[in-house]
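Read through the structure below, which is laid out as structure tokens, and then see the notes.
The values are calculated or read from the model by the stated rules, or taken from the named source; none is laboratory data. None of the values given here were measured: they were computed from a predicted structure. Cβ placement follows ideal geometry from the backbone for every residue including glycine, while neighbour counts extend to all protein chains displayed. To get the accessible areas, we keep the full protein, side chains included, count just its heavy atoms, and leave off ligands, DNA and RNA. Shrake-Rupley method; radii C 1.70, N 1.55, O 1.52, S 1.80 Å.
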Amino acid sequence: MNRLIALVLAALTSGAATSPSVQTRASGARDVRLIGRWDITITTPTGNAPSWLEIDSSGREALVGRIVGIVGSTRPISEIIVEGGSFRFAVPRQWENGNGTLRVVGRLQGNRLVGSMTLPDNTTLNWQGVRAPRLLERASTPAWGAPINLLNRNDLNGWVPMGSANQWVVRNGILSSPRSGVNLRTTRAFGDFKLHVEFRYPRESNSGVYLRGRHEVQIEDDYGREPDSHRFSGVYGFLAPSEIAALPAGQWQTFDITIVGRMVTVVANGKMVICNREIPGITGGAIDSNEGAPGPLYLQGDHGPVEFRNIVVTSTRESVPRR
């Protein structure tokens, strides 16, 4: 009997070792060409939309990762299945319409990724991705230019509403969005820069400052709450502040932000809450996924009333990011 059991176990072990499905999955999952960060462009009926994908290895066989969709923040990917030269995964919906999951299929095509993305409302869109630039090296310590005040006293010169039915107004040097409406961006683009901005909001309101139009630093009524990457002064979904330095709603508050490449420092109301941390990728609501290019400053105006004043940018003299 013992001999018979040993023979059966040996046969089962041998069969498992040569199983085609096991071999395909393990072999595909270790394709190191997939590993890394990818800037995604989705083709939609109304134009291109940005997304971001990170693929990493876990243990001997598995691939895991993170994704940022058109809206919302980064979502973890518990497992990426690789079979027959393509990969697929699904994550729960976040702020999209519909009741399904976000399902992604892709494959390598040369040095790019291509694929399709099925949204929670079952709309399927095509996408392609390129490797995200490192943006870490700089030839030397930044040489800062002269500070530039981006706000005129009584008009929106230098700013463009990001949609119709603009609700933004400027009076006596204060830029106001009195109700939820469209976002607002500068006509100028910036690479590496320092930003000083002052803002005020009523109770339970919400806004944000997008660096280069791609990385949101959160503005929200979070006085007295615990730090979180989705809360006041966090880089939305990626970097949590060390503390919530927010003042009670209704008071003027300040951010002093420095971004060089991917490295960001955030000082909120005089307290350094993020110190030279790397921003991994774009946040939801970005203007595009072209992380290697300069971009505008943009202010969120679709989540409630907010006011800004004294918006001052100091750029480097040579501020175009290097790949």
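Listing for the model above:
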item: Residue in the stretch 269-294 that is modelled with the lowest pLDDT, counting only those that are open to solvent by less than 40 Å² (accessible area, probe 1.4 Å) and out of contact with any strand residue (DSSP E or B) (no Cβ under 7 Å at 6 or more places or on another chain); result: GLY292
item: Filtered residues of the stretch 40-81 (kept if touching a Gly at 6+ places or on another chain (Cβ under 8 Å), closer than 22 Å to LEU108 by Cβ and open to solvent by less than 10 Å² (accessible area, probe 1.4 Å)); result: ILE40, SER51, TRP52, LEU53, ILE55, VAL68, GLY69, ILE77, ILE80
item: Subset of the stretch 110-144 [within 28 Å of GLU278 (Cβ to Cβ) and without any contact (Cβ under 8 Å) to a residue 60 or more places away in the chain]; result: GLY110, ASN111, ARG112, VAL114, GLY115, SER140, THR141
item: Criterion (surrounded by fewer than 20 Cβ atoms within 10 Å (Cβ to Cβ), more than 30 Å from TRP38 (Cβ to Cβ) and modelled with pLDDT of 95 or more) met by exactly one of THR314, THR265; result: THR314
item: Failed item, numbered, when SER242 is tested on (1) among the hydroxyl-bearing types (Ser, Thr, Tyr); (2) over 20 Å from THR314 (Cα atoms); (3) buried (at least 16 other Cβ atoms within 10 Å of the Cβ); result: (3)
item: Top-ranked residue of the stretch 145-177 - restricted to ones that are open to solvent by less than 40 Å² (accessible area, probe 1.4 Å), in a strand (DSSP E or B) and not β-branched (Val, Ile, Thr), ranked as nearest to GLY301 (Cα to Cα); result: SER177
item: Residue list for the stretch 100-159, filter: touching a strand residue (DSSP E or B) at 6+ places or on another chain (Cβ under 8 Å) and of a type in the set (Val, Ile, Thr); result: THR101, VAL104, VAL105, VAL114, THR118, THR124, VAL130, ILE148
item: Restricting the stretch 198-231 to residues that are among the polar types (S, T, N, Q) and in a loop (DSSP other than H, G, I, E, B), the residue that is farthest from ASP302 (Cα to Cα); result: SER229
item: Residue identified as over 26 Å from GLY295 (Cβ atoms) and either among the hydrophobic types (A, V, I, L, M, F, W, C) or touching a residue at least 40 places away in the same chain (Cβ under 8 Å) (or both) among ARG214, ARG203; result: ARG203
item: Exclusive hit being modelled with pLDDT of 95 or more and open to solvent by 50 Å² or more (accessible area, probe 1.4 Å), set GLU198, GLU226, GLU216, GLU220; result: GLU226
item: Subset of the stretch 95-107 [over 16 Å from ILE40 (Cβ atoms) and open to solvent by less than 60 Å² (accessible area, probe 1.4 Å)]; result: GLY98, GLY100, THR101
item: Strands (runs of 3 or more DSSP E) completely within the stretch 43-91 that count 1 or more residues being among the hydroxyl-bearing types (Ser, Thr, Tyr); result: 47-58, 75-83, 86-91
item: Number of the exception - THR118 against (1) β-branched (Val, Ile, Thr); (2) closer than 21 Å to PRO50 by Cβ; (3) open to solvent by 70 Å² or more (accessible area, probe 1.4 Å); result: (3)
item: Residue among SER207, SER140 that alone is among the hydroxyl-bearing types (Ser, Thr, Tyr) and either buried (at least 20 other Cβ atoms within 10 Å of the Cβ) or under 21 Å from the mean Cα position of the chain (by Cα) (or both); result: SER207
